[in-house]
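Enquirer: Could you have a look at this structure, given as structure tokens, before my questions?
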Amino acid sequence: MKKPVKSPNSRSKPVKATPAKTKPAATKTHRSLCPINLALEAIGDNWSMLIVRDLMLRGHNSYQGFLRSEEKIATNILADRLVKLEQNGLITKSADPSDKRKFIYALTERGADLAPLLVEMALYGLKYEPLANMAKEVVLDMQKNKQTFAQRLTRNFTPKTKIKPAPKKADLDPVEETLSLF
């Protein structure tokens, strides 16, 4: 039987018995399995690549370090992106040995593999954005040999986490395949 409940702002309302809901297991869904889409789901927002840039190029590896970047990321967005990057296997988070209340962030192998993309993005920005600014000698070095420059970005990198490579195309169910171009 329904029991009336008095609300201060309304008349009596019946209370419905609702069965307990169990939360389904978290499964990640993707818009598509196109490799470009999957990459954008991991890094395709306004802030993720800037965090990767700061880890790779500027030596920032703490929450406060990321906040000091000239782009002035909001604290709530930074916290969200760090979680997202960690969930996507691009960074790791570990306790700071000098202060256990703080964390140190590091690139994983998957995160370090973004070095060539960072180089291409920088060169693209320099080519098409008149306000883009970078030291001339760095630009010339980057343009001279993009691959070598990208390798130098990660030469001191020691992967914290090994990642499992994506399955080979032959291992995928035909329904899961994306465009044959990729």
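Enquirer: Does residue 139 satisfy the condition of being of a type outside the set (D, E, K, R), assigned to a helix (DSSP H, G or I) and surrounded by 13 or more Cβ atoms within 10 Å (Cβ to Cβ)? Explain how you work it out, then say what you get.
Expert: On the way: of a type outside the set (D, E, K, R): yes; assigned to a helix (DSSP H, G or I): yes; surrounded by 13 or more Cβ atoms within 10 Å (Cβ to Cβ): yes.
Yes; evaluated as a whole, the condition is true for this residue.
Enquirer: Starting from residues that are in contact (Cβ under 8 Å) with a residue 24 or more places away in the chain and assigned to a strand (DSSP E or B), keep the ones in the stretch 67-93 and report whichever is surrounded by the fewest Cβ atoms within 10 Å (Cβ to Cβ).
Expert: 92
Enquirer: Could you go through the stretch 130-149 and let me know if any residue there is among the hydroxyl-bearing types (Ser, Thr, Tyr) and at pLDDT 95 or above. Outline the logic, then answer.
Expert: So the first thing to find is which residues in the stretch 130-149 are among the hydroxyl-bearing types (Ser, Thr, Tyr), and the list is 148.
Checking the rest, the ones that are also at pLDDT 95 or above come to none.
No, the conditions are met nowhere in the stretch 130-149.
Enquirer: Separate question: Quick check on residue 127: is it part of a helix (DSSP H, G or I), among the charged types (D, E, K, R), free of Cβ contacts under 8 Å to residues at least 24 places away in the same chain and over 25 Å from residue 41 (Cα atoms)? So that I can check it myself, show each step before the final result.
Expert: Numbers: part of a helix (DSSP H, G or I): yes; among the charged types (D, E, K, R): yes; free of Cβ contacts under 8 Å to residues at least 24 places away in the same chain: yes; over 25 Å from residue 41 (Cα atoms): yes.
Judged against the criteria, residue 127 is a match.
The values are calculated or read from the model by the stated rules, or taken from the named source; none is laboratory data. These figures come from a predicted structure and were not determined experimentally. FYI the Cβ positions are ideal-geometry reconstructions off the backbone, even for glycines, and counts take in every protein chain you see.
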